[in-house]
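Visitor: Sharing a structure with you now.
The values are calculated or read from the model by the stated rules, or taken from the named source; none is laboratory data. All values reported here derive from a predicted model rather than from experimental measurement. Ideal geometry is used to build each Cβ from the backbone, glycine not excepted, and the neighbour counts take in all protein chains shown.
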Amino acid sequence: MRREALVAAALISLASPALASPALAQPHQGHGDHQAAGPHAGHQDPQAQEKAEPADPHQGMDHGTMDHGEMDHGASDQRAVDHSTMDHSAMGHGAPEPAAASPGPDMETPPPPEAGSGAPRAADAIWGAEAMRASREDLQKTHGDFTLFWFQADRAEFQARQGDNGYLWDLQGFYGNTTDKFFFKSEGEGSFGEPIEELEFQALYSRAIAPFFDLQAGFRQDLAGPDTSYAVIGIQGLAPYMFELDTALFLSHRGDLTARVEAELDQRIAQSILIQPRAELNLAAQDVPELGIGAGIDSFELGVRLRYEVIREIAPYIGVEQVWKTGRSADFARAAGEDPSVTNFVLGIRFWF
């Protein structure tokens, strides 16, 4: 029966290849490339096919390189393996474990509760105060307790206004350390072609009383108009939200009491461009006719300046400022032929070193 079946299959393949199944048309598919055997590949003699040995399932395997001594083919019954009882997670086939989280604020170890609770000079108990004195003095020097000099022209400007154009300067500086300083200040203004209207100098001792604030005391001398000397006491520093404050009380040698409050804010709007609002208020406890000062609010100034920093130490600016004299001071200004309300368009430079 086997011979007749093979003969029938060969005849069907020759008569109608399209009707033959792939398995019958190419009975040796998967056992090598028979196309390379010649034009008669796939059409072997049926009698030779009958006498041939059954197909070797291990055909194509290099048995010479295999260690058959270690292989137990009899024991390798794959049908007896129960895959349902195998722990695939232990074989590495499970889901990969997530990567360890990178260190961050939530994983950092907090400081112990006793941190910072020790004695401020604990080393003295071990080495002695005298042994630690040199180290303590060096620490103070390297952390700000050293002498320096600073000078700033906060305003040095030309003022264009109705009538006569004018000028103004506002200078200050100090020499000392972070706790104790000698402060000097100078302010003045006037109109071109006329005598200086205001000119003052201040010499002050400045002592730090709080972070960013100094208490200042000294004297002031006015040289324009009637010479007047003042005793000065005031506070200068940096208020919250970066407002620079400069306040002072002045007691003249005639007993006149006046006060001044200045505030300005540097607001950076670009890397090298800042806008600076500024306000100044002058007060008096009594009329001082010889100086054109009236009791109450003597004058009020409000302005804004746009500054460009060529470098941090040098910054030209433009701006506008309005000055008002009020009450009795306005009356004194009118009597002297002056306008109690003046608008100034300013062009100046700010520098420090």
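Visitor: Among the strands (runs of 3 or more DSSP E) contained in the range 188-242, which hold 2 or more residues that are in contact with a Lys or Arg (Cβ under 8 Å, 6 or more places away or on another chain), closer than 19 Å to A259 by Cα and of a type in the set (K, R)?
Guide: none
Visitor: Here is a list of conditions, (1) at pLDDT below 95; (2) part of a strand (DSSP E or B), and V323 meets all of them except one; can you say which number that is?
Guide: Tallying (1) at pLDDT below 95; (2) part of a strand (DSSP E or B), V323 fails exactly one: (1).
Visitor: Something else now. Go through (1) touching a strand residue (DSSP E or B) at 6+ places or on another chain (Cβ under 9 Å); (2) not in a strand (DSSP E or B) one by one and return the number of the condition G337 breaks.
Guide: (1)
Visitor: Quick one: E290 ticks every box in (1) in contact (Cβ under 8 Å) with a residue 24 or more places away in the chain; (2) of a type in the set (D, E, K, R); (3) in contact with a strand residue (DSSP E or B) (Cβ under 6 Å, 6 or more places away or on another chain) except a single one, so which number is it?
Guide: Result: E290 fails condition (3) only.
Visitor: Also, quick follow-up: Restricting the range 139-195 to residues that are surrounded by fewer than 14 Cβ atoms within 10 Å (Cβ to Cβ) and in contact (Cβ under 8 Å) with a residue 40 or more places away in the chain, which is farthest from the chain's Cα centre (by Cα)?
Guide: G163
Visitor: Only residues that are in a strand (DSSP E or B) and either surrounded by 14 or more Cβ atoms within 10 Å (Cβ to Cβ) or among the basic types (K, R) (or both): list them for the range 255-272, please.
Guide: Within the range 255-272, L257, T258, A259, R260, V261, E262, A263, E264, L265, R268 qualify.
Visitor: Identify the single condition in (1) basic (K, R); (2) in contact with a Leu (Cβ under 8 Å, 6 or more places away or on another chain); (3) within 24 Å of Q322 (Cβ to Cβ) that R207 does not satisfy, given that it satisfies every other one.
Guide: (3)
Visitor: Follow-up question, since we're still on this one. Starting from residues that are touching a residue at least 40 places away in the same chain (Cβ under 8 Å) and not charged (D, E, K, R), keep the ones in the range 267-283 and report whichever is farthest from G255 (Cα to Cα).
Guide: L274
Visitor: Could you tell me which numbered condition G337 fails, if it satisfies all but one of (1) surrounded by 14 or more Cβ atoms within 10 Å (Cβ to Cβ); (2) under 29 Å from A160 (Cβ atoms)?
Guide: Here G337 meets the rest and fails (1).
Visitor: Looking at this structure, is A160 of a type in the set (G, A, S) and within 30 Å of V342 (Cβ to Cβ)?
Guide: yes
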